[in-house]
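Participant: One structure, as structure tokens, below. Some questions next.
Nothing in this text is a laboratory measurement; each read-out follows from the coordinates by a stated rule. Owing to the predicted nature of the structure, the values given are computational and were not obtained by experimental measurement. Methodologically, a virtual Cβ is constructed for each residue, glycine included, from the backbone with ideal geometry; neighbour enumeration extends over all protein chains shown.
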Amino acid sequence: MKKLLYKLKIKSLKWQLLFGFIVILVILVGSMGIFEYISMKEYLYTTKTEVLQQKFHNLDFKNLSKDDITDVSEINFKEISKKLVDKHMSMAVIDKNGEILLTSINTDNITKEDHDGDDDTKDFYEKNIRTIPVPKFSKESYMSICKIEGNLEHTYKVIRDENGSCQLVVWRKIGNLDSPSGLIQLSTPIDDTEDIIKREVYVHTSLSILILVIGIILASAIFKRTLKPLYDITNTVEGISVTDLDKRLPNKNGQLEIDRLANSFNIMLKRIESSFQKEQYIKEKMRRFVSDASHELKTPLTSIHGFVEILLRGAAKNEEQLNLALNSILTESERLTKLVNDLLVLTRLEQKPVVEMNKENINGVIKEILPQLQILSKERVLDLNLRENISVYINKNQIKQVIFNITQNAVLHTDNKNGSIIISTDIEELENETFGVLKISDNGTGIPKNHLDKIYDRFFRSDSHRSREQGGYGLGLSIVKSIMDANKGKIHVESELGVGTTFSVYLKLVE
């Protein structure tokens, strides 16, 4: 079928379905026609056969079936002919060797006796029965018929006579049924039957063509209506562009396959929309990153450039100005180095490297980094509230970085003299999982609620002026978030303006 459709260059689904429907309809109608033709032909021939066989019932077959009949010439076939043959039939007598002994048109045998002049009906009768030719078979055929078991009640053949007309022929055996002395053959033209069959074939063909035409018209309309949702899907999909990826296809058309296709397209469109939005977000993020990085790099470079110009103008001869310029250049270069190092750390973390994680006591990790935190806190109060025996799976060095960065963020947003920072550990449940929790709280300025979802973005500073003054670039919390993702942990933040901020770090607990 595919090869045929390809050769016919039928590519439209509608026309492919219609072509397939036509083929099936032709096969069904043709099969029904053939079955009807065979059945009707068999019925008509069987009916004719029964009519002819009924003629044999008028004969005295007790005499014809005697076992001692050895010669068919002993039988009075003229009497038999009168009982069997009418103007629509012909008769023949055949011996056991297949020889035709006499026929209903053999005047020497059947009509050689004159009638008495008064019996004009018989003369007319015998004249008319001679007008129907007697069908003749070969000797071998007659001998084969003699060998058929039984009295041949259901045996018939259709043959064309010498005039080209179709005749139906039946036989009865003479003598013993097992070894007959001969056959009586009775035949009748069936041209009228053939005409009936031809007429029925013509009617059936005409009706079949009409059914085919009506079927094609109805099927075309039905297929067009059935495929309309598919055409709508095609038109909708073709009309979707980058600016309207939020379009969705109707998925309740009442057709299971079309609805499934629409759902699949909707899922695909959702993925494309999500990917496109993500791409746009990444592009925008990259644009902001380049802009922010350029801005952050420009400030120290401008400062260094300015001090170098001062030195070139003669400030190098003044020791006090020289020291001030060199110290400023050193400070700005250290800031640049830290910025570059932080960016490198973020780049490595975003490549999702395989992180080596080990069983560690979180309290031990805190105590190892405590001296650095105390130096970082300066005059601020730094308290520890640690729960004993909390073992977690972490990368120790990376978690130290997390603790340091969050504490540094707390230092940036708390007062040096009145500030307070509390580091605590505990075990808590989150989303039906148990974690070891590290919390770092401060009593600083707090973070506005509209900034909470942005604090992990690169170069974002909730309090830009204070962070910049203390050397912050807004990369610390970005590094914290990337490290937590690498360690399969979670981080939450709670903050209230004027009260303070608490960062909760959830680490995978050792069972």
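Participant: Starting with the fewest neighbours, write out 196, 366, 217 ranked by other beta-carbon atoms found within 10 Å of each beta-carbon. Spell out each step's value before the answer.
Facilitator: Numbers: 196 14, 366 20, 217 10.
By the 10 Å Cβ count, ascending: 217, 196, 366.
Participant: Please report the net charge: other residues with Cβ closer than 15 Å to the Cβ of residue 487, K and R +1, D and E -1.
Facilitator: Details: positive: 348, 352, 359, 396, 400, 481, 488, 490, 508; negative: 350, 356, 360, 433, 485.
Within the 15 Å Cβ shell, the charges total +4.
Participant: Right, another one. What FRET efficiency, computed as 1/(1 + (r/R0)^6) with R0 = 60 Å and r the Cβ-Cβ distance, is obtained for residue 166 and residue 270, rounded to the nearest 0.05?
Facilitator: Numbers: r = 74 Å, r/R0 = 1.24.
Using R0 = 60 Å, I get an efficiency of 0.20.
Participant: Separate question: Can you flag which of 359/454; 87/198; 228/278; 449/488; 157/198 are past 28 Å Cα-Cα? Kindly include the intermediate steps, with their values, before the conclusion.
Facilitator: Details: 359/454 32 Å; 87/198 25 Å; 228/278 34 Å; 449/488 26 Å; 157/198 19 Å.
In this structure, 359/454; 228/278 exceed 28 Å between Cα atoms.
Participant: For the range 357-508, what ratio Rg/Rh do Cα atoms give with a Kirkwood hydrodynamic radius? Could the numbers behind the result be given before it?
Facilitator: Working: Rg = 14.6 Å, Rh = 15.5 Å.
So for the range 357-508, dividing Rg by the Kirkwood Rh gives 0.94.
Participant: Expressed as a rounded percentage, what relative contact order does the range 258-351 have, with Cα pairs under 8 Å and six or more residues apart?
Facilitator: Values: 24 pairs, mean separation 22.0, N = 94.
Reported relative contact order: 23 percent.
Participant: Under the 0.36 nm per residue contour assumption, what length would be gained going from the current alpha-carbon distance of residue 191 and residue 238 to full extension? Provide the component values of the computation, followed by the final result.
Facilitator: Numbers: separation 47, 0.36 × 47 = 16.92 nm, distance 6.61 nm.
Result for the pair: 10.3 nm of gain on full extension.
Participant: When the Karplus curve 6.51 cos²θ - 1.76 cosθ + 1.60 is applied with θ = phi - 60°, which whole-Hz ³J(HN,Hα) does each residue of the range 489-499 get, with x for Gly and Pro?
Facilitator: x, 9, 9, 10, 9, 10, 8, 9, 4, x, 10
Participant: Turning to a different aspect of this structure: Run the quick spin-label model on residue 389 and residue 228: label points 7 Å from Cα toward the beta carbon, then report their separation in nm to one decimal.
Facilitator: The two pseudo-label positions are separated by 7.4 nm.
Participant: Note down the magnitude of the dipole of the range 357-508 about its Cα centre, charges +1 on Lys and Arg C-beta and -1 on Asp and Glu C-beta and zero elsewhere, to the nearest 20 debye.
Facilitator: Numbers: 19 positive and 19 negative charges, 103 e Å.
Once rounded to the nearest 20, the dipole reads 500 debye.
Participant: Also: Find the percent of Cα-Cα distances in the range 296-350 that exceed 12 Å, and round it to a whole number.
Facilitator: Values: 978 of 1485 pairs.
When all Cα pairs of the range 296-350 are counted, 66 percent exceed 12 Å.
Participant: Work out the FRET efficiency for residue 211 and residue 46 from their Cβ-Cβ distance, taking R0 = 35 Å, and round it to the nearest 0.05. Show your work: numbers first, answer last.
Facilitator: Numbers: r = 29 Å, r/R0 = 0.82.
The computed FRET efficiency comes out at 0.75.
Participant: Grab the other residues whose beta carbon is less than 10 angstrom from that of residue 186, score K and R as +1, D and E as -1, and report the net. Write down the numbers at each step before the final one.
Facilitator: Values: positive: 55, 172; negative: none.
Within the 10 Å Cβ shell, the charges total +2.
Participant: Another question, then. Once the piece of chain linking residue 247 and residue 496 is laid out straight, how much longer is it, given 0.36 nm per residue of separation minus the C-alpha distance between them? Please report the intermediate quantities before stating the final value.
Facilitator: Numbers: separation 249, 0.36 × 249 = 89.64 nm, distance 4.03 nm.
Contour length minus Cα-Cα distance gives 85.6 nm.
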